[in-house]
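Below: one structure, written as structure tokens.
Any read-out appearing in this document is the output of simple, stated calculations on the displayed coordinates, not a laboratory observation. What you see is a predicted model; the values in this text were computed from it and never measured. Cβ: placed from backbone, ideal geometry, glycine included. Neighbour counts: every protein chain shown.
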Amino acid sequence: MSGRLILAATFLFCFSTQGAPQLVNAIAAKVGDRLITVQDAYLFRGVQRLRSGERPVILFETDKSLKITVQKVMFEEMILAEAKAVDFKELDPKQVNETIKRLKELGGGADWIRLLKTFSISDSEAAKRVSQGLLAERFLKKKIESLTPVITDSEIEQYTKNYPEKVKKLGDENRSLVAEALKKERVDQGLQDYIDFLTEKYAATLLLS
């Protein structure tokens, strides 16, 4: 997220008699009126790991890793708010249902059940989290498409003139590679500007020291 995010709070852990970490929940961030807790971050990460096939599904991150996950939750919340604001519905319900069905069947259903029990959430709540993730990804994909520019020959020539050594290292197909490099640079800058815009619009604040 933007460097303008404010770092301001802490989180704690305690341990059960078996030595397993038990989360003492705390507010980790704020996006508009939405308060994001450390547990929200862990659930977000759990759903991510379930979808990607990473195991174990439950991973209690700390320090820098936790902060990165909280930032991802913040970004998703802002994207979902934007999608709602424009009534974005370009998501196939059939695709959502098939994804949820597949996730429920992974590992004989044990991973899905573990997610529900760990975070004390219902089956429908877990399914909602998956659906929200898919919607946010679809909306972001459309945004990236809108940010992807067409690189002109004159821009390639100017880059070649300005950075001859870089271009030389690209090899025989340097023109197409220069175009891709310029395209990526423009998209990355556009995304950063978009994140900064959303951060200010929704007064997004990271509260994790």
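For segment 131-209, a simple Cβ point-charge model (Lys and Arg +1, Asp and Glu -1, everything else neutral) yields a dipole of about 160 debye relative to the Cα centre. Each residue, E105 and A81, gets one label point 7 Å from its Cα in the Cβ direction; the gap between the two is 3.8 nm.
In this structure, the amide hydrogen of T37, modeled 1.01 Å from its nitrogen in the peptide plane, lies closer than 5 angstrom to those of A28, counting only residues at least 5 positions away or on a different chain.
Considering only C-alpha atoms, what is the centroid distance from segment 33-54 to segment 132-191, in Å? Cα centroid to Cα centroid, the span is 31 Å. An ellipsoid equivalent to the chain, defined through the eigenvalues of its Cα gyration tensor, has semi-axes of 37, 21, 19 Å when rounded to whole angstrom and sorted largest first.
Net length available on complete extension from L147 to T118 is 6.5 nm, with 0.36 nm assigned per residue and the Cα-Cα distance removed. Across all directions, the shadow cast by the convex hull of segment 143-209 built on its C-alpha atoms averages 6.8 square nanometres. For the chain, the longest principal axis of the alpha carbon atoms and the long axis of helix 63-85 meet at an angle near 80°. Rounded to the nearest whole Hz, the Karplus-based 3J(HN,Hα) values (6.51 cos²θ - 1.76 cosθ + 1.60, θ = phi - 60°) of segment 147-163 follow the sequence 8, 6, x, 9, 8, 8, 4, 5, 5, 5, 5, 5, 5, 4, 6, 6, 10, with x at glycine and proline. A Gaussian network model of the chain, with springs between Cα atoms under 10 Å, assigns the largest mean-square fluctuation among A41, A179, A81 to A179. The length gained by stretching the chain between L91 and K184 to full extension, at 0.36 nm per residue less their Cα-Cα distance, is 30.9 nm.
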